[in-house]
Amino acid sequence: MSSDPTPRHNRLALLLVITVVLAAAVAVTYAPSSPWSWGPDAISEDFASPDWKKRWVNVGDGSFTLRDNRLVSTGNRASVLMLKERLPAGCAIQFTGTMLADSPPGDLSVIWTENSPEEAGSKELWKWPGRSWIIQTGAYDNSFASITAQPGGMMAIAPLHLEPGTPHDIRVEITTDTIVLYVDGSEICRHREMTPFTSGYLAIFGYYAGKAFDNLRVQHSRMPDTVPAMAIGNSFFRHELYDLAANEYHRLRMIHDETHPVSIEARYREGLSHFRAGRDEDAFRLWQRITGEPWRSWASYEYIAHAIASNDHASARKDFPRVYQAGNVDVRNALVRSWVAAVNSLTDANQLNDELDGYLQLRRDLFADTTYANEAAAKALRRAGRFEQILDEFDHDPWALQQGLLALGQHETNLERIPFTQARARALLGMGRFEEIWKDYRQVEWAMRESISYSGRFDQIPNPGNPGPGYTELALFGASGIPIDDNNHLAIAGLFKGDFASVASQPLNYYTASAYIATGRGDEILADTSGRFAREQRLVHWHRALDAAIAGDRDALAAELALLPSETFDHHWHRAWFPEVIFRAWLPLLDGDREAAAAAFDDAAKRYHNDFSLRAWHLIGAARGTLSSEEVLNQPAALQAEGILHLGRALRAEIDGADPAPHYQAYLALPAPQRITNRLVIDTFCDRFAAWRSSNNAP
């Protein structure tokens, strides 16, 4: 370890000053910008020789293999290969990329990241700790190209469809503050960062197996003939040396006339340095005197971003239209990203109020055709239970439209209108068309897991004996030779055993919420204000409705049902399908109205005939006698078929005025995986209902 007492930042600052000053010595004058030109290939890979492994390292869970002298992804999801050498900003990567004809469509993409291979490690791409930019072609099942910051979200997007089986020339240039994506010689996407890039690492990224990379080259930019005026200040700024940056920008401002372009930009950047250092008032004081564009609009943008971060949404919305209309394309893109951040924040916090509606109106007025804004708006409307509105507003945008179709369980329309692999697999799962998943969508791991766990078809597990960690959970359903080896699956195992107290001793999450409810701790779920457990909170209200029904408290039951309108039920929330569909239809039997209950079940059969992997439809068919026992037992969700048959017979007995207890008791005697479950999460609602209706005290 060095014994030098000089603080690291001071040493870094000194080094930066020396480096930039030496570079500036070649320039006669400052220049506001410099054109970039590219040197010869610094790295050239054809992957024919094994030497490439010395320069590149695999990160994450995916992998690559050599096929016909091309590097081909083999992972079910993301496969990422990172160059070990750290590069300065001012580099370009170019390669020939091909979606092999026998593979599902997906990314042929590039990553620029501040994370080293060691920092990225085995983490998923979206969980890397430092800043990253994902420059995507073939994004989301070959739907578009985009540049996405992590953190930060989508920065640029353009429609692009790559031809499967056809080689494409893909190039990404990264300069001091700009990323540009070219495909087959045409510029597709461009993004400018106001905080200049640091040095970083390049990586190639293939999603799904069968993404081929070859003829890969990396180039460095040549030294520009002139040094940009902001170079020294920008170097300080990007290394978070905000005081030094502010001083340098101030110096530039003082040596130029106030109306000079360099002075105007320096005033903005000096203010931004103060702002990043937490001196908001100093920043705002400087920005108030900016007159030139685009810096006046950039300063106004900072006001808006600050207001959003401070939850002063009224102020943010007030200035938004003026700044958006005055700003250039970079300012407008930044404003849309801030808008997305505001909407996502309100949605995540479940603040589905006038503030959110105000933001949604801004989108309609100013940027109604921006895909990533549409997606955020659709997710907000979905959280608010306004599913039909999604269909009305986004009929032209499949990326947003799928949110409404999924929430409404319109799976057939989803298959007709939505081209994305994940959405199509989810539609097939909802309709119980498991065979098609096993044939055409084996790369969609979650769809494989769910269809196998519902059907009990363990012969469909890929790579028997070593299927990978994603298939661990199937051991709970009877698959042999698969260990339970992580905390979430241990919690699930506890739920399957009925050990709710032990599971509820763990922190609240998606897996443990049912144990909290089962042990009487639903109030803790309702008290959460983060928005993370909005669906679980709805399930708590269903349990309270059941409590009221058991106690004969009609007022309490009505109060709970008022919080659970059927039109706000998100069909994707499989955990609640029994109370939402079956218990709701059963409720007239509390008043002895068997005719109304029969009509409610018939209506539910029409409404939910092609959803929840056909489990609800088969249960209602057994209850109404429209399906034979053989038909119910032969349903796609075969592992739960016997339990569904017993419940259907019990409900039919109740509608007919007969004794349902033997059928409910037969259901309760089954092992947990064969009772009504949302695959992994054992909710006790159905079991509690069955136990009550089988008791002598049930009305």
From the options GLU173, GLU193, residue that is under 30 Å from ALA376 (Cβ atoms) and modelled with pLDDT under 90: GLU193
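Any residue in the stretch 615-635 that is assigned to a helix (DSSP H, G or I), more than 27 Å from GLY552 (Cα to Cα), basic (Lys, Arg) and in contact (Cβ under 8 Å) with a residue 60 or more places away in the chain? Give the derivation first.
The first filter runs over the stretch 615-635 and keeps only residues assigned to a helix (DSSP H, G or I), leaving 615-624, 629-633.
Filter once more, keeping what is more than 27 Å from GLY552 (Cα to Cα): 615, 617-618, 621-622, 629-633.
Restricting the remaining residues to those that are basic (Lys, Arg) gives 615.
In the following step, the residues that additionally are in contact (Cβ under 8 Å) with a residue 60 or more places away in the chain were identified as 615.
Scanning the stretch 615-635 turns up at least one residue that is assigned to a helix (DSSP H, G or I), more than 27 Å from GLY552 (Cα to Cα), basic (Lys, Arg) and in contact (Cβ under 8 Å) with a residue 60 or more places away in the chain.
Just give me the residues in the stretch 510-524 being part of a helix (DSSP H, G or I) and buried (at least 18 other Cβ atoms within 10 Å of the Cβ), in sequence order. Even if it seems obvious, please write down each step before you answer.
Filtering the stretch 510-524 down to residues part of a helix (DSSP H, G or I) leaves 513-518, 522-524.
Of everything in the stretch 510-524, those that are part of a helix (DSSP H, G or I) and buried (at least 18 other Cβ atoms within 10 Å of the Cβ) turn out to be ALA513, SER514, ALA515, TYR516, ILE517, ALA518, GLY522.
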Search result, residues across the stretch 297-333 that are out of contact with any Pro (no Cβ under 6 Å at 6 or more places or on another chain) and not in a helix (DSSP H, G or I): SER310, ASN311, ASP312, GLY327
Identity of the residue in the stretch 487-509, touching a residue at least 12 places away in the same chain (Cβ under 8 Å) and of a type in the set (A, V, I, L, M), that ends up most open to solvent (accessible area, probe 1.4 Å): ALA501
Only listed residue being of a type in the set (Lys, Arg), in a helix (DSSP H, G or I), more than 30 Å from ALA349 (Cβ to Cβ) and open to solvent by 10 Å² or more (accessible area, probe 1.4 Å), chosen from LYS439, LYS379: LYS439
Condition check for ALA622: at pLDDT below 95, in contact with a helix residue (DSSP H, G or I) (Cβ under 8 Å, 6 or more places away or on another chain) and crowded, with 16+ Cβ neighbours inside 10 Å: no
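Evaluate the following for LEU244: is it open to solvent by 40 Å² or more (accessible area, probe 1.4 Å), in a helix (DSSP H, G or I) and either among the β-branched types (Val, Ile, Thr) or in contact (Cβ under 8 Å) with a residue 40 or more places away in the chain (or both)?
Values: open to solvent by 40 Å² or more (accessible area, probe 1.4 Å): yes; in a helix (DSSP H, G or I): yes; either among the β-branched types (Val, Ile, Thr) or in contact (Cβ under 8 Å) with a residue 40 or more places away in the chain (or both): yes.
Taking the combined requirement at face value, the residue satisfies it.
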Qualifying residue in the stretch 426-433 (condition: open to solvent by 20 Å² or more (accessible area, probe 1.4 Å), of a type in the set (A, V, I, L, M, F, W, C) and closer than 26 Å to ILE676 by Cα): no
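Here's the yes/no breakdown for (1) assigned to a loop (DSSP other than H, G, I, E, B); (2) within 18 Å of the chain's Cα centre (by Cα):
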{"site": "ILE147", "(1), (2)": "no, yes"}
{"site": "MET155", "(1), (2)": "no, yes"}
{"site": "LEU162", "(1), (2)": "yes, no"}
{"site": "THR166", "(1), (2)": "yes, no"}
{"site": "ASP169", "(1), (2)": "no, no"}
{"site": "LEU181", "(1), (2)": "no, no"}
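For the stretch 332-349, name all the residues that are touching a helix residue (DSSP H, G or I) at 6+ places or on another chain (Cβ under 7 Å), surrounded by 18 or more Cβ atoms within 10 Å (Cβ to Cβ) and not β-branched (Val, Ile, Thr). Walk me through it before giving the result.
Going residue by residue through the stretch 332-349, those that are touching a helix residue (DSSP H, G or I) at 6+ places or on another chain (Cβ under 7 Å) are 332, 334-336, 338-344, 346-347.
Still in the running and surrounded by 18 or more Cβ atoms within 10 Å (Cβ to Cβ): 332, 334-336, 338-340, 342-343, 346-347.
Passing the criteria: ARG332, ALA334, LEU335, SER338, TRP339, ALA342, LEU346.
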Selected residue (criterion: farthest from HIS220 (Cα to Cα)) from residues of the stretch 76-97 that are open to solvent by 10 Å² or more (accessible area, probe 1.4 Å) and outside any strand (DSSP E or B): ASN76
The lone exception for GLY75 - which of (1) on the phi > 0 side of the Ramachandran plot; (2) at pLDDT below 85 it fails: (1)
Residue that is least open to solvent (accessible area, probe 1.4 Å), among those in the stretch 39-73 that are in a strand (DSSP E or B) and of a type in the set (D, E, K, R): GLU45
ARG544 closer than 20 Å to TYR608 by Cβ and open to solvent by 50 Å² or more (accessible area, probe 1.4 Å): no
Conditions (1) at pLDDT below 90; (2) under 22 Å from GLN537 (Cα atoms); (3) open to solvent by 60 Å² or more (accessible area, probe 1.4 Å): number failed by VAL329: (2)
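Here are ARG363, ARG337, ARG383: which of them is touching a Ser or Thr at 6+ places or on another chain (Cβ under 6 Å) and either among the polar types (S, T, N, Q) or closer than 26 Å to SER530 by Cα (or both)?
Values: ARG363 fails: touching a Ser or Thr at 6+ places or on another chain (Cβ under 6 Å); ARG337 fails: touching a Ser or Thr at 6+ places or on another chain (Cβ under 6 Å).
Every option except ARG383 fails the conditions.
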Odd one out for ALA669 among (1) under 19 Å from PRO588 (Cα atoms); (2) open to solvent by 20 Å² or more (accessible area, probe 1.4 Å): (1)
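Evaluate the stretch 267-277: report whether one residue or more is over 23 Å from MET155 (Cβ atoms) and surrounded by fewer than 19 Cβ atoms within 10 Å (Cβ to Cβ). Before you say what the answer is, go through the steps one by one.
Here is the first cut: in the stretch 267-277, the ones over 23 Å from MET155 (Cβ atoms) are 267, 270, 274, 277.
So of that shortlist, the ones also surrounded by fewer than 19 Cβ atoms within 10 Å (Cβ to Cβ) come out as 277.
Yes, the stretch 267-277 contains at least one residue that is over 23 Å from MET155 (Cβ atoms) and surrounded by fewer than 19 Cβ atoms within 10 Å (Cβ to Cβ).
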Out of ILE135, ILE174, sole residue that is under 24 Å from ALA209 (Cβ atoms) and open to solvent by less than 20 Å² (accessible area, probe 1.4 Å): ILE135
Positions within the stretch 390-412 being open to solvent by 50 Å² or more (accessible area, probe 1.4 Å), assigned to a helix (DSSP H, G or I) and under 21 Å from ASP611 (Cα atoms), in sequence order: GLU412
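The values are calculated or read from the model by the stated rules, or taken from the named source; none is laboratory data. Model, not experiment: these values are computed from the prediction. Counting neighbours? That spans all protein chains shown, and the Cβs are built from the backbone with ideal geometry, glycine included. Just so you know, the surface numbers come from the protein's heavy atoms only, side chains and all, with ligands and any DNA or RNA stripped out. Shrake-Rupley method; radii C 1.70, N 1.55, O 1.52, S 1.80 Å.
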